[in-house]
Amino acid sequence: MEALKQDLVDCIRMLESSDIIDYNGHASIKLDDNRLLINIGSCQRSCLTTADICEIDFDGNVISGNGKPPLEFHLHVGIYKVRPDVKAIVHAHPKWSTFLTMTGNDYQPVYAQGTLVYPLPLLDSPNSINNPVMAGRLADTLGDRPAALMKAHGAVTVGETIQDAFVLANYLEENSYRQYMAMQIGTPYAFSKEEIEKCREKLWNPALFDRTWNHFKSKLAPISL
């Protein structure tokens, strides 16, 4: 359990240092018996510790921990209920991908790693996912995909591990940044279907995911207790 909590802490701190999560945002790891680990809503993401991780059930009841879950815990529960393959979720409010949704620009695969989440479905609502109805709408939008965007709101990525969800969140935002910047010059080149397939064959690779995770983890500064 402590190892999973530490992975969750590392994930959120890395997302914060990459400007993907700020004072909001959350990540979770699914446990057995309809329980999950998630950061408490009031925590400071930049200096998170395992003491800021709580264990809750699917109704949001705190089983253990020193605080309450974020109001959008429904987002996590809604996806876990319909996606047995998903064991970890990241929800953030990143800038570049959100800019695309605010202006009606579709996410395009302009970066090799960014192809892993393409095509990227969009929830056509900026509303917070803080109730079962909105959670159901998001889960329906996500379908069997590894990621989705929420109009003028943010993004969600899922995976078999928290490492997977972190890496995909990073790839999604990096692709969106490159797409946005290229759009300031002209029309970005989007990878072809064949190029996307080749990228996935090469890049959807646990060893490469570990490399990405370890790259960002090596930059984390120690927390002074």
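The values are calculated or read from the model by the stated rules, or taken from the named source; none is laboratory data. Remember, predicted model here, so these are calculated numbers, not experimental data. In this analysis, Cβ positions are derived from the backbone assuming ideal geometry, glycine residues included, and neighbour counts consider all displayed protein chains.
Quick look at the numbers
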quantity: Matching residues, region 60-105, being over 20 Å from K151 (Cβ atoms), touching a residue at least 40 places away in the same chain (Cβ under 8 Å) and of a type in the set (D, E, K, R); calculated: K81, R83, D85, K87
quantity: Matching entry among L71, L15, L36, L100 (being under 22 Å from M134 (Cα atoms) and part of a helix (DSSP H, G or I)); calculated: L100
quantity: Helices (runs of 4 or more DSSP H) contained in region 132-225 and holding at least 2 residues closer than 21 Å to V110 by Cα and in contact with a Ser or Thr (Cβ under 9 Å, 6 or more places away or on another chain); calculated: 162-183, 193-203
quantity: Within region 74-88, tally of residues that are in contact with a strand residue (DSSP E or B) (Cβ under 7 Å, 6 or more places away or on another chain), among the hydrophobic types (A, V, I, L, M, F, W, C), under 17 Å from D140 (Cα atoms) and not in a loop (DSSP other than H, G, I, E, B); calculated: 2
quantity: Cβ pairs under 7 Å, 6+ apart, first in region 186-206 and on the phi < 0 side of the Ramachandran plot and at pLDDT 95 or above, second not in a helix (DSSP H, G or I) and not hydrophobic (A, V, I, L, M, F, W, C); calculated: P188/Q108; A190/Q108; A190/P109; F191/P109; I196/P109; I196/Y118
quantity: Hey, L142 farther than 23 Å from M14 by Cα, touching a helix residue (DSSP H, G or I) at 6+ places or on another chain (Cβ under 9 Å) and among the hydrophobic types (A, V, I, L, M, F, W, C) or not; calculated: yes
quantity: Selection from region 1-55 of residues that are more than 19 Å from E160 (Cα to Cα), out of contact with any strand residue (DSSP E or B) (no Cβ under 9 Å at 6 or more places or on another chain) and touching a residue at least 40 places away in the same chain (Cβ under 8 Å); calculated: R13, S17, S18, D19, C47, T49, T50
